[in-house]
1. Under 23 Å from R99 (Cα atoms) and within 16 Å of ligand 2 (Cβ to nearest atom) - does that describe any residue in the stretch 247-258?
2. Among the residues of the stretch 224-273 satisfying the criterion of being more than 18 Å from V213 (Cβ to Cβ) and charged (D, E, K, R), which is farthest from ligand 1 (Cβ to nearest atom)?
3. Being away from ligand 4 (no atom under 15 Å from the Cβ) and small (G, A, S) narrows it down to one of A247, A224, so name that one.
4. Right, V165: assigned to a helix (DSSP H, G or I), within 13 Å of ligand 1 (Cβ to nearest atom) and touching a Lys or Arg at 6+ places or on another chain (Cβ under 9 Å) or not?
5. Taking the residues in the stretch 220-262 that are more than 16 Å from ligand 3 (Cβ to nearest atom) and of a type in the set (S, T, Y) as candidates, determine which candidate is nearest to V193 (Cα to Cα).
6. Considering the stretch 146-180 alone, what residues qualify as being surrounded by fewer than 22 Cβ atoms within 10 Å (Cβ to Cβ), within 17 Å of L235 (Cα to Cα) and within 16 Å of ligand 4 (Cβ to nearest atom)?
7. Among the candidates K269, K248, which residue alone is touching a strand residue (DSSP E or B) at 6+ places or on another chain (Cβ under 8 Å), under 22 Å from L65 (Cα atoms) and of a type in the set (K, R)?
8. Mind checking whether some residue in the stretch 11-29 is within 16 Å of ligand 3 (Cβ to nearest atom), under 18 Å from N85 (Cα atoms), modelled with pLDDT of 95 or more and not β-branched (V, I, T)?
Amino acid sequence: MTWADLHLHTLYSDGTFTPKRLVDQAQKAGLACIAIVDHDTVSGIDEGITAGIDLEVEVIPGIELTSEYRGYEVHILGYGLDYNNRKLKEKLAFLKKRRLERIHEMLAKLRGIGKELSPESVFSIEHSGTLGRLHVARAMVQEGLAGSLSEVFGRYLGENGPAYVLGFKLTSPEAIALIKNSGGIPVLAHPCVIKQEDILFEIISSGIEGIEVFYPEHSNDQIADYTRIADKFNLLMTGGSDFHGDAKPNTKLGSLKIPYSLVEKIKEKLIHA
Ligand code: AMP
Ligand code: ZN
Ligand code: FE
Ligand code: FE
């Protein structure tokens, strides 16, 4: 059997591996194909593809866009997009700036509840591109303001936490359109995060073409549910580990593999788009 993992982060967003190290480790973990899907950036893709050619790992260009829908944070994956598309790049440059402002907004909220964290401590967490909550969380642990990442997300930075900032600039339909207009396939990431069914179906009907059925946190029942939804709405099925390198040591490369036949279906759709 040939295996793939279509959800991997590098240090161009909040992972810790360079694209080259990611490809190297993926090959050692028995993966023939991976997709790099950093948060709101495509900066790691060229390096990943080059490493993939050397190491004979197929690297699919991708992205994980953060969007807002009715007050919730919704992640939209994009596969096979033209990552040099000018409009895409302009939008991503804007989102990167917005993510930086958001860091300062989260730090202000933390200060308001007596957790003083300097911007420098966040920026000194190794990264090369977009910044997010995981950088803040790691800095808090490093500075001794919290004992663990799960404590940070549980008490401060989770979606209902006192220091959480939504404020993303793309709505889910806009994120879906941005991916489609760049020649990519929009896929709803980790649908388990969306608790209300009506919202799930609204997002699907805004032009989603695939659903991330296989994800570490999905139970067998959820996998069955999302498989049924994929059948009903004629969606591609995808999956991946959401590996972040050492930033999330509990998620290992190779821990979630999907059959390559699912990748072939994605590629067929890309060719006929
Ligand atoms: P952001 O894009 O800044 O909203 O951050 C989202 C990222 O935060 C996710 O992709 C994860 O890397 C991380 N994250 C969210 N919730 C948790 C959690 N409970 N534990 C660890 N990391 C989390
Ligand atoms: Zn992340
Ligand atoms: Fe995500
Ligand atoms: Fe992710």
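The values are calculated or read from the model by the stated rules, or taken from the named source; none is laboratory data. Predicted, not measured: the structure shown is a model, and the values here were computed from it. With ideal geometry, Cβ positions are generated from the backbone for all residues, glycine too; neighbour counts draw on all protein chains shown.
1. We begin by selecting, within the stretch 247-258, every residue under 23 Å from R99 (Cα atoms); these are 247-248.
Among the residues that remain, those that are also within 16 Å of ligand 2 (Cβ to nearest atom) are: 247-248.
Yes, there is a match, as at least one residue in the stretch 247-258 is under 23 Å from R99 (Cα atoms) and within 16 Å of ligand 2 (Cβ to nearest atom).
2. From the stretch 224-273, those more than 18 Å from V213 (Cβ to Cβ) are 244-250, 252-254, 270-273; that's our starting set.
Going one step further and asking which of them are charged (D, E, K, R), we end up with 246, 248, 252.
Details: D246: 13, K248: 6, K252: 15 Å.
Here the answer is K252.
3. Numbers: A247 fails: away from ligand 4 (no atom under 15 Å from the Cβ).
Every option except A224 fails the conditions.
4. Details: assigned to a helix (DSSP H, G or I): no; within 13 Å of ligand 1 (Cβ to nearest atom): yes; touching a Lys or Arg at 6+ places or on another chain (Cβ under 9 Å): yes.
Answer is no for this residue.
5. Initially, the stretch 220-262 is screened for residues more than 16 Å from ligand 3 (Cβ to nearest atom), giving 220-221, 223-225, 227-237, 246, 249, 252-255, 257-262.
From the residues that got through so far, the ones that are of a type in the set (S, T, Y) too are 227, 255, 260-261.
Numbers: T227: 16, S255: 20, Y260: 25, S261: 26 Å.
In this case the residue turns out to be T227.
6. none
7. On the way: K248 fails: touching a strand residue (DSSP E or B) at 6+ places or on another chain (Cβ under 8 Å).
Going through K269, K248 in turn, just one is touching a strand residue (DSSP E or B) at 6+ places or on another chain (Cβ under 8 Å), under 22 Å from L65 (Cα atoms) and of a type in the set (K, R): K269.
8. Checked the stretch 11-29: no residue is within 16 Å of ligand 3 (Cβ to nearest atom), under 18 Å from N85 (Cα atoms), modelled with pLDDT of 95 or more and not β-branched (V, I, T).
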